[in-house]
Amino acid sequence: MTTAAVPVPRAPRAGWSPGVLPGFGLSTGFTVLYLSVVVLVPLSTLALRSSALSWEEAWRIVASPRALASYRLSFGASLAAAGVNVVFGVLVAWVLARYRFPGRSLVDAVVDLPFALPTAVSGIALTAVYAPNGWIGRHLAPLGVKAAFSPLGVGIALTFIGLPFVIRTVQPVLEDLDAELEEAAAVLGAGRWQTFLHVLVPILLPAALTGFALAFARALGEYGSVVFISGNMPLRTEISPLLVMTRLEQYDYAGAAAIAVVLLGASFLILLGVNRLQAWARVRTGRA
Amino acid sequence: MSIEIRGLWKSFGTNTVLKDVSLDVPDGELVALLGPSGCGKTTLLRILAGLETADAGDVRHAGEEISSRSARERNVGLVFQHYALFRHMTVAENVGFALRVRKRPKEEIEARVNELLALVQLDAYRARYPHQLSGGQRQRVALARALATSPRILLLDEPFGALDARVRQELRRWLRRLHDELHVTSVFVTHDQEEAFEVSDRIVLMNQGRIEQVGSPAQVFEEPASPFVMRFLGAVNVFQGHVEGDRAYVQDLEFAAPGGAGRTPAHVFVRPHELEIHRAAVPGSLAATVSRLVPLGAAVRVELTAAGNGALEVELDLRRSEALALAPGDRVHLSPRRVRVFPASADQGDSLTASGL
């Protein structure tokens with residue numbers, strides 16, 4: 001037997017390959033243009049606006065005690081609200097995904113209400129309920145808990161408007177979850193709690209983090225509902241977006257932009273961090 | 001007895017999937033539950049694992065009634081068709097899971113994981129995640145995970161069903177060798193008769209929620225207890241006939257048959273390799289016409305048509321086929337070497353896929 005000359009397969013082009021679908025150039029070009037027009041250009045004008053100030057002036061505005069107190073409240077309450085939403089959002093998503101009960105579709109619809117409501121309406125409704133003479137506030141007041149017109153009120157409003165995010169990101173993951181995984185854990189001797197902790201939580205983590213990031217971002221930008229329930233006392237219950245609004249009402253555009261830039265930068269860093277965490281969780285669960 | 005099942009009933013809504021099932025599995029045996037899909041074999045396995053509860057009946061492991069025990073208290077190993085590995089854990093973490101939830105000391109877990117990974121020949125993959133493994137490797141991880149606590153019983157639910165043919169072949173032999181080493185009582189579910197024959201010590205044939213026959217692979221193949229078993233275990237030719245006394249008749253052929261009173265309609269079953277082809281008519285033969293020849297490697301399948309019987313098939317070895325030199329259209333004569341006769345009333349052939357009829 002003679003060996004015939006075997007044609008050497010052409011080596012694939014070295015480096016990066018764009019995949020089989022054409023249109024990489026076009027779609028990427030469009031994406032960049034779109035993001036520029038919709039997001040980047042408006043945001044950079046913000047920086048431009050604030051550059052009307054000198055460094056000292058800008059620093060005086062963004063580092064004033066009133067501004068610092070508002071950052072603390074805004075970031076603190078947003079993180080806390082997003083945290084509360086992760087815990088209870090996962091719980092609600094679990095109930096909606098796992099159990100069939102009368103009125104389930106009603107509950108499912110109610111979850112989205114905070115999305116649909118004009119934020120001012122939410123704010124008025126929450127204030128009415130949590131004010132010292134409101135339905136819930138009336139019972140909290142004797143316990144020494146001041147729900148409305150306090151930082152707690154800000155947290156309540158932010159929790160309310162961020163509620164749907166975690167539920168809506170976690171619910172589909174729970175619904176797609178293979179029942180065999182839990183059965184396998186049970187047969188291997190894991191209790192319900194161990195199964196939840198070691199099997200379910202790691203699977204839900206990426207979705208829950210996405211929900212957390214969305215709820216946090218939404219809470220940070222929230223203005224309408226908070227101004228009603230917080231009472232807007234400088235240094236105590238004044239949130240950063242309100243501070244921006246106050247500056248705008250005084251025609252201090254540059255000062256408003258300076259505070260906004262700080263908010264923007266900080267939230268970008270936090271969201272970037274959450275995204276990295278998510279990517280790490282995804283790689284670990286094998287869905288990279 | 002390692003597993004004793006008595007009078008098990010189970011239904012889902014109006015659909016009764018197990019009807020009075022009783023079965024014994026002796027210690028250290030590897031038993032296959034074989035049957036078409038929907039016959040109740042997987043439900044039976046899940047009841048053994050504690051993932052379903054029976055409506056009535058007893059399950060005993062080593063003499064102990066365990067119906068009231070939950071899955072986690074039974075200490076059985078279970079291998080799923082789609083592996084059900086924890087994808088966020090490495091191979092080693094998956095294998096050690098059962099020991100970790102039992103809060104065993106770290107060194108003990110480490111040692112046991114190493115031992116099991118050596119057993120399934122995956123030592124080199126301990127730090128990988130399941131999505132970085134092939135299907136066969138994943139199933140071996142799943143098996144190692146199931147064996148971690150040295151369970152008294154190993155249950156396998158169509159363990160090779162999701163794998164391609166060649167890997168399946170390898171894993172079957174490997175599972176058999178592994179079982180010969182470990183001697184853990186094993187029950188494994190399959191719808192593939194070849195798989196059941198190759199791997200198991202005994203075969204339990206199930207159909208529509210009932211056990212049709214229990215026996216060694218040779219037994220169930222050579223002495224099928226019912227038309228269902230006959231049809232399920234490979235191709236078979238069916239002739240319509242009748243039984244009178246202890247003789248069965250198909251047209252003018254006559255066979256010995258289990259005694260029946262009076263004249264009753266019967267089905268006469270002949271396996272393709274138990275039919276002889278002759279060029280000339282011999283006593284006790286049946287005329288037929290060759291319609292197609294299908295080479296199968298070491299054997300040749302001859303498809304024929306016979307008046308009054310429709311399509312038939314015969315399997316010949318290569319030498320016999322060459323000696324006959326058959327061609328489509330040839331008139332030949334068929335004589336059965338061996339027949340099995342069942343009353344027609346016992347045969348619900350239409351629910352099954354049997355070739356040759």
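The rows are residues; the columns are (1) closer than 23 Å to residue A:89 by Cα; (2) surrounded by 21 or more Cβ atoms within 10 Å (Cβ to Cβ); (3) modelled with pLDDT of 85 or more.
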{"site": "A:206", "(1), (2), (3)": "yes, yes, yes"}
{"site": "A:243", "(1), (2), (3)": "no, yes, yes"}
{"site": "A:247", "(1), (2), (3)": "no, no, yes"}
{"site": "A:251", "(1), (2), (3)": "no, no, yes"}
{"site": "A:256", "(1), (2), (3)": "no, yes, yes"}
{"site": "A:268", "(1), (2), (3)": "no, no, yes"}
Only residues that are outside any helix (DSSP H, G or I) and not hydrophobic (A, V, I, L, M, F, W, C): list them for region A:36-90, please. A:51, A:54, A:64
With open to solvent by 10 Å² or more (accessible area, probe 1.4 Å), out of contact with any Phe, Trp or Tyr (no Cβ under 9 Å at 6 or more places or on another chain) and over 30 Å from residue A:283 (Cβ atoms) as the only criterion, which of B:204, B:189, B:214 stands out? B:214
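For region A:70-79, state whether one or more residues are modelled with pLDDT under 90 and touching a Ser or Thr at 6+ places or on another chain (Cβ under 9 Å). Walk me through it before giving the result.
Narrowing region A:70-79 to residues modelled with pLDDT under 90: none.
No, the conditions are met nowhere in region A:70-79.
Applying the selection to region B:107-123, what residues are away from every other protein chain (no Cβ under 14 Å) and touching a helix residue (DSSP H, G or I) at 6+ places or on another chain (Cβ under 9 Å)?
Taking region B:107-123 as the starting set, the residues that turn out to be away from every other protein chain (no Cβ under 14 Å) are B:107-108, B:110-111, B:114-115, B:117-123.
Across region B:107-123, the qualifying residues are B:108, B:110, B:114, B:117, B:119, B:120, B:121, B:122, B:123.
Can you find a residue that is under 30 Å from the mean Cα position of the chain (by Cα), open to solvent by 50 Å² or more (accessible area, probe 1.4 Å) and over 21 Å from residue B:32 (Cβ atoms) anywhere in region B:266-275?
So in region B:266-275, the residues under 30 Å from the mean Cα position of the chain (by Cα) come out as B:266-275.
Those left that are additionally open to solvent by 50 Å² or more (accessible area, probe 1.4 Å): B:273.
Keeping just the survivors that are over 21 Å from residue B:32 (Cβ atoms) gives B:273.
Within region B:266-275 (the criterion being under 30 Å from the mean Cα position of the chain (by Cα), open to solvent by 50 Å² or more (accessible area, probe 1.4 Å) and over 21 Å from residue B:32 (Cβ atoms)), the answer is yes, since at least one residue qualifies.
With the condition being under 18 Å from residue B:274 (Cβ atoms), I'd like the strands (runs of 3 or more DSSP E) fully within region B:170-260 carrying at least 3 qualifying residues. Show your work before the answer.
Values: elements: B:185-190, B:202-207, B:210-215, B:237-250.
Ranges flagged: B:237-250.
Any idea how many residues of region B:151-177 are more than 14 Å from chain A (Cβ to nearest Cβ) and more than 23 Å from residue B:23 (Cβ to Cβ)?
First, pick out the residues of region B:151-177 that are more than 14 Å from chain A (Cβ to nearest Cβ): B:160, B:163-177.
The next check asks that each one be more than 23 Å from residue B:23 (Cβ to Cβ); those that pass are B:163-171, B:173-174, B:177.
Within region B:151-177, residues that are more than 14 Å from chain A (Cβ to nearest Cβ) and more than 23 Å from residue B:23 (Cβ to Cβ) number 12.
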I want to confirm something. Restricting to region A:187-197 and keeping residues that are more than 7 Å from chain B (Cβ to nearest Cβ) and either over 33 Å from the mean Cα position of the chain (by Cα) or not β-branched (Val, Ile, Thr) (or both), which single residue is farthest from residue B:74 (Cα to Cα)? A:197
Residue count, region A:142-181 (criterion: more than 17 Å from residue A:204 (Cβ to Cβ), of a type in the set (Gly, Ala, Ser) and surrounded by fewer than 17 Cβ atoms within 10 Å (Cβ to Cβ)): 1
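Taking residue B:57 as the residue in question, decide whether it is open to solvent by 20 Å² or more (accessible area, probe 1.4 Å) and either in a strand (DSSP E or B) or on the phi > 0 side of the Ramachandran plot (or both). Spell out how you get there, then give the answer.
Values: open to solvent by 20 Å² or more (accessible area, probe 1.4 Å): yes; either in a strand (DSSP E or B) or on the phi > 0 side of the Ramachandran plot (or both): yes.
Judged against the criteria, residue B:57 is a match.
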Could you figure out which of (1) within 14 Å of chain B (Cβ to nearest Cβ); (2) open to solvent by 10 Å² or more (accessible area, probe 1.4 Å) isn't true of residue A:184? (2)
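Report, by residue number, each residue of region B:61-98 that is in a loop (DSSP other than H, G, I, E, B) and within 7 Å of chain A (Cβ to nearest Cβ). Let's see the steps before the verdict.
Keep residues of region B:61-98 that are in a loop (DSSP other than H, G, I, E, B), which gives B:62-63, B:66-70, B:74-75, B:80-90.
If the condition is that a residue be in a loop (DSSP other than H, G, I, E, B) and within 7 Å of chain A (Cβ to nearest Cβ), then B:80, B:82, B:84, B:86, B:87, B:88 are the ones that fit.
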Scan region B:304-312 and give yes if some residue there is assigned to a strand (DSSP E or B), within 16 Å of residue B:238 (Cα to Cα), hydrophobic (A, V, I, L, M, F, W, C) and touching a residue at least 60 places away in the same chain (Cβ under 8 Å), otherwise no. yes
Criterion first (farther than 14 Å from residue A:87 by Cα, at the interface with another protein chain (Cβ under 7 Å from one of its Cβ atoms) and of a type outside the set (Val, Ile, Thr)) does residue A:222 satisfy it? no
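Is it the case that region B:148-166 has a residue that's of a type in the set (Phe, Trp, Tyr) and modelled with pLDDT of 85 or more? Before the answer, list the steps.
Just the residues of region B:148-166 that are of a type in the set (Phe, Trp, Tyr), to begin with: B:160.
Those left that are additionally modelled with pLDDT of 85 or more: B:160.
Checked region B:148-166: at least one residue is of a type in the set (Phe, Trp, Tyr) and modelled with pLDDT of 85 or more.
Counting only residues that are surrounded by fewer than 21 Cβ atoms within 10 Å (Cβ to Cβ) and not aliphatic (A, V, I, L, M), which one in region B:131-150 is nearest to the other protein chains (Cβ to nearest Cβ)?
Applying the first criterion (surrounded by fewer than 21 Cβ atoms within 10 Å (Cβ to Cβ)) to region B:131-150 yields B:131-137, B:149-150.
Now drop any that are not not aliphatic (A, V, I, L, M), which leaves B:131-132, B:134-137, B:149-150.
On the way: B:131: 4, B:132: 8, B:134: 14, B:135: 14, B:136: 18, B:137: 14, B:149: 7, B:150: 12 Å.
This residue is B:131.
The values are calculated or read from the model by the stated rules, or taken from the named source; none is laboratory data. Remember, predicted model here, so these are calculated numbers, not experimental data. Using ideal geometry, Cβ is built from the backbone for each residue, glycine included, and neighbour counts are taken over all protein chains shown. Quick note on the areas: whole protein, heavy atoms, side chains included, nothing else; ligands and nucleic acids left out. Shrake-Rupley method; radii C 1.70, N 1.55, O 1.52, S 1.80 Å.
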